[in-house]
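Right, one structure below, let's go through it.
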Amino acid sequence: MNFEELGLHVNIIRALTDAGYTQPTPVQEQAIPAAINGRDLLVSSQTGSGKTAAFMLPALHKLATAEVISYTNAKTPNQERQSARSRGDRPRFVAAKPKMLVLTPTRELALQVTTATDKYSAYTRRLKAVSILGGMPYPKQMQLLSRNPEILVATPGRLIDHMESGKIDFSELQMLVLDEADRMLDMGFIDDIEKIVAATPPTRQTMLFSATLDGVVGNMAKRITTEPMVIQIAGSASKHENIQQKVHFVDDLSHKNRMLDHLLRDVSLDQAVVFTATKRDADTIADRLNIAGFAAAALHGDMHQGARNRTLDGLRRGHIRVLVATDVAARGIDVPGITHVFNYDLPKFPEDYVHRIGRTGRAGRKGVAVSLVNHAESMHVKRIERFTKQLIPVDVIEGFEPKKTAAPSRTSARKPQGWKPGDNRKSGYGNNSKPGQRSFSKPGSSTAPRKDGGSAYKGNRQTEGGARRSFGDY
Ligand code: AMP
């Protein structure tokens, strides 16, 4: 199957050829023809599966082939203001009337969607996409809205502000996309989403993308779609079969740091993301790595948007080789050069593990994901394995062997059991080893105080993620 067979407009295919896309990914193959036909979509697929193009290509196709008359007759808000001036009326702000709205959980993802849209619409000049985001100066947002863009990409909070002050009018909206809907709900955006959906015409086409379609997401999806086509992409993309996952056991913080430095010198490493539990650790480790001669930089929610953008730009351009980041700041990063992901600290929730390792192995490339794990955290590794339904092999490097050795069952082939909601929300990971369960520590040592202080699950270090997230963190 190629892009022509999916029925896309010739100018879009030209842009795809420029981008080096030769054939559609599985999610694109299913989603594009259905979306062109106007079907609502519920898509469960991971990031890296090509989901942005799966909704944006059919949308651009529809907008590009829509009646030209509507464009030639319609005045932009700027034109309306000019004619008001020439009539001698006082110019007023005319609300933008987008045809398509894409809601994303984070600013970074919104910017990525806008950049991808610019790439795909390079030969469909009329179509404009803009992002409206928290943290962007207000006059800049007004200027973007005054261009009356066809496509608006936004995070829910900021969009609500503009809707309520009459700067955006959704009466002409044709397509609504919820990207990473599960993330948006995790972040507490449900009321905002409901409010936004209620402001759009019931005739709209709705496309919802989410890692899971169960539970709260599924309920919301049912409410906001009409006879949707359900697309579930299983297999290598969701199981991350192209990513080699490993666990390295470490005895203490110094062992962990030495191991990280060694792994960062791997010749197959192009660029890497190192995940930490706290913003402060991200800064400290980035500083330490810089002193050790790695081109490293931190990325976290305490940084100003300008600094975050500069860091991401440096990463994309290859000036930064090692990004040291917290979960929320790194979500959605799509840089093909990232060959390795390191969990310096394990994530608080198994879902975040999947998002973290998905920063490598983009678009079917190979990647490596290494977790540096203290023995006391072995139960937490097990939770991740249950969640992903995959075992993560333990690796030992000569010269870096941990003093404590893993129990033999660690490497034996066992099937991870089903993960139950709530499993991952217990506090005190690593404290619940039972006799007979795989254990990597000496009897009794799992309850001993951690030496390395590197765990996010105990103590009172403030984490950037999970239940304590607030919009300001992003
Ligand atoms: P996404 O899942 O939308 O975040 O996309 C992941 C990466 O795959 C992005 O870098 C896209 O540019 C790339 N991509 C999307 N579709 C294709 C395709 N059909 N062929 C090659 N690369 C693609």
Mind listing just one residue for me: the one in segment 151-178 that is open to solvent by less than 20 Å² (accessible area, probe 1.4 Å) and over 22 Å from residue 220 (Cβ atoms) and, of those, modelled with the lowest pLDDT? 162
Can you pull out every residue in segment 1-16 that is more than 11 Å from the ligand (Cβ to nearest atom), under 28 Å from the mean Cα position of the chain (by Cα) and outside any loop (DSSP other than H, G, I, E, B)? 12, 13, 14, 15
Which pairs do you get when a residue that is open to solvent by 30 Å² or more (accessible area, probe 1.4 Å), found in segment 179-208, comes within reach of a residue that is part of a strand (DSSP E or B) and among the β-branched types (Val, Ile, Thr), reach meaning Cβ atoms under 8 angstrom, with the pair 6+ apart or on two chains? none
Taking segment 22-62 as the region of interest, how many residues are within 21 Å of the chain's Cα centre (by Cα) and assigned to a loop (DSSP other than H, G, I, E, B)? 8
Could you list, in sequence order, all residues of segment 331-360 that are in a helix (DSSP H, G or I) and free of Cβ contacts under 8 Å to residues at least 60 places away in the same chain? 353
Within segment 362-396, tally of residues that are within 16 Å of the ligand (Cβ to nearest atom) and open to solvent by less than 10 Å² (accessible area, probe 1.4 Å): 1
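The values are calculated or read from the model by the stated rules, or taken from the named source; none is laboratory data. No experiment lies behind these values; they were computed from the predicted model shown. Heads up, the Cβs are rebuilt from the backbone with ideal geometry, glycines too, and the neighbour counts pull from every protein chain shown. Each accessible area value is taken on the protein alone, full model and side chains, heavy atoms only, with ligands, DNA and RNA left out. Shrake-Rupley method; radii C 1.70, N 1.55, O 1.52, S 1.80 Å.
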